[in-house]
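Heads up: the structure comes next, in structure tokens.
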Amino acid sequence: MFYSFLRPLLFKLDPEVAHCVTFGAIEKALKLGLLKHQIIPCQQRQVMGITFPNPIGLAAGLDKNGEHLDALATLGFGFIEVGTVTPRPQPGNPAPRIFRVPKAHAIINRMGFNNHGVDRLIENIKTSSYQGILGINIGKNFDTPIENAVEDYRICLHKVYRYASYITINISSPNTQNLRQLQSATALNEMLSELKSEQHNLSQKHGKYTPLVVKIAPDLDTSQVETIAKLLIKHQVDGVIATNTTLSRNGIEHLAVSHETGGMSGAPLTQAATEIIKQLHHFLQDSIPIIGVGGIMSAKDAKDKIDAGACLIQIYTGLVYQGPGLVSDIAKEVCETAV
Ligand SMILES: Cc1cc2nc3c(=O)[nH]c(=O)nc-3n(C[C@H](O)[C@H](O)[C@H](O)COP(=O)(O)O)c2cc1C
């Protein structure tokens with residue numbers, strides 16, 4: 001309700017400015033003790049050996065550096081994913097690099113993994129009070145050649161291992177040159193074999209098993225989805241996130257901003273992401289849990305993702321358009337039993 005008054009004001013600002021203003025205000029309110037913790041009554045669920053208090057998560061990209069965990073925790077999420085983080089800090093692409101498409105309830109972004117680097121992320125996590133489930137999404141630096149990408153993921157995996165509830169291998173951002181090539185059979189096979197073996201070593205070292213999850217694009221045909229699914233099974237990957245943003249401009253072709261380069265999220269992505277989840281579910285047959293994301297703008301969209309085979313869901317653009325009330329709206333639809 002409150003957000004419907006706030007949104008037109010925020011939408012008058014540049015998206016990155018609006019992001020800073022919003023988090024500035026939330027952080028201040030948190031310090032003054034003015035933020036009420038949104039309680040989400042929901043039956044817990046076990047996924048990847050982790051107990052999730054509810055199935056609604058925050059998708060990667062909103063809190064790239066893990067700077068706002070305590071504030072985000074008040075919104076009632078069952079889990080929060082931070083990142084994408086890279087081994088070294090990098091500024092990302094020049095601004096403007098994020099565009100709202102209000103008529104379509106969409107966003108186009110070409111941020112390009114702007115982040116303060118994995119070491120800073122860890123410092124931020126250590127200083128936060130957040131005790132909930134934390135996904136850490138890792139990627140490669142823009143200037144690391146794609147042939148050496150695995151090394152960047154290995155560095156991040158090593159550093160974040162003990163701090164994460166699960167780790168997401170992001171190979172599907174459209175804004176880092178050639179990154180999506182890592183979804184091809186040969187590259188993915190090699191990468192998963194290296195990272196799973198590293199995970200094994202780290203689990204022995206730390207006495208803690210941190211699940212590895214792969215995040216894929218929506219711009220894949222059925223045979224590519226099948227190939228990926230087979231590799232996920234072969235390497236016993238712990239989970240899959242479907243999907244990242246899309247290169248498609250379906251649904252917004254007629255709008256001026258559609259020519260902007262980048263990945264599109266929000267309402268025009270809903271169906272495509274759900275279709276990928278259906279296909280993954282068909283090929284995986286419940287062997288690997290699916291986290292559904294992409295254009296969840298309402299409780300019904302979330303339910304559709306779960307009906308398609310997802311056991312957890314994440315939101316990002318829906319939060320921008322609908323506000324934090326979306327978390328409790330979704331919970332009413334997807335939480336079987338209040339406890
Ligand atoms: C501005 C912006 C930045 C994003 N940054 C990342 C990122 O760093 N890593 C990542 O895996 N996904 C990133 N995403 C993708 C989201 O996590 C999500 O997969 C995608 O937006 C689809 O969900 P949505 O329609 O609910 O936004 C970003 C999305 C947006 C809009």
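The values are calculated or read from the model by the stated rules, or taken from the named source; none is laboratory data. Quantities reported herein were computed from a predicted structural model and do not represent experimental measurements. Ideal geometry is used to build each Cβ from the backbone, glycine not excepted, and the neighbour counts take in all protein chains shown.
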Among the candidates GLN131, GLN199, residue that is out of contact with any Asp or Glu (no Cβ under 7 Å at 6 or more places or on another chain) and assigned to a loop (DSSP other than H, G, I, E, B): GLN131
Write out, first by first residue and then by second, each pair whose Cβ atoms fall under 9 Å of each other, whose residues are 6+ apart or on separate chains, and whose first residue, in segment 1-13, is within 13 Å of ALA25 (Cβ to Cβ) while the second is of a type in the set (Val, Ile, Thr). LEU6/THR22; LEU10/VAL21; LEU10/THR22; LEU10/VAL320; LEU13/VAL21
From the list ALA217, ALA149, exactly one residue is in contact (Cβ under 8 Å) with a residue 40 or more places away in the chain and touching a Ser or Thr at 6+ places or on another chain (Cβ under 6 Å). Which is it? ALA217
Among GLY92, GLY33, GLY83, the single one that is buried (at least 23 other Cβ atoms within 10 Å of the Cβ) and either at pLDDT below 95 or within 16 Å of the ligand (Cβ to nearest atom) (or both) is GLY83
When both residues are 6+ apart or on different chains and their Cβ atoms are under 6 Å apart, which pairs have a first residue that lies in segment 308-335 and is closer than 30 Å to GLN285 by Cα, and a second that is in a helix (DSSP H, G or I) and of a type in the set (Gly, Ala, Ser)? ILE313/ALA302; LEU326/GLY318; ASP329/ALA299; ILE330/ALA299; ILE330/ALA302; GLU333/ALA299; VAL334/ALA302
When you look at LEU231, is it touching a helix residue (DSSP H, G or I) at 6+ places or on another chain (Cβ under 7 Å), without any contact (Cβ under 8 Å) to a residue 60 or more places away in the chain and away from the ligand (no atom under 14 Å from the Cβ), yes or no? yes
Select from segment 306-325 the residues that are part of a helix (DSSP H, G or I) and near the ligand (Cβ under 10 Å from one of its atoms) and write down the one among them that is nearest to LYS36 (Cα to Cα). LEU319
Can you tell me which residue among ILE296, ILE228, ILE291 is surrounded by 24 or more Cβ atoms within 10 Å (Cβ to Cβ), over 30 Å from VAL320 (Cα atoms), within 21 Å of the chain's Cα centre (by Cα) and not aromatic (Phe, Trp, Tyr)? ILE228
Determine whether GLY266 is under 15 Å from the mean Cα position of the chain (by Cα) and either surrounded by fewer than 20 Cβ atoms within 10 Å (Cβ to Cβ) or on the phi > 0 side of the Ramachandran plot (or both). yes
Run LEU182 past the list (1) assigned to a helix (DSSP H, G or I); (2) in contact with a Gly (Cβ under 9 Å, 6 or more places away or on another chain); (3) of a type in the set (A, V, I, L, M) and report the number of the one that doesn't hold. (2)
Residue by residue through segment 234-253, note down the ones that are part of a loop (DSSP other than H, G, I, E, B) and either away from the ligand (no atom under 16 Å from the Cβ) or among the aliphatic types (A, V, I, L, M) (or both). HIS235, GLN236, VAL237, ASP238, LEU247, ILE252, GLU253
Please identify the pairs in which a residue from segment 264-278 that is under 15 Å from VAL240 (Cβ atoms) and near the ligand (Cβ under 10 Å from one of its atoms) has its Cβ atom under 6 Å from the Cβ atom of a residue that is among the polar types (S, T, N, Q) and not in a strand (DSSP E or B), counting only partners at least 6 apart or on another chain. ALA273/THR243
Can you name the residue in segment 309-324 that is farther than 18 Å from ALA106 by Cα and among the small types (Gly, Ala, Ser) and is also surrounded by the fewest Cβ atoms within 10 Å (Cβ to Cβ) among such residues? GLY309
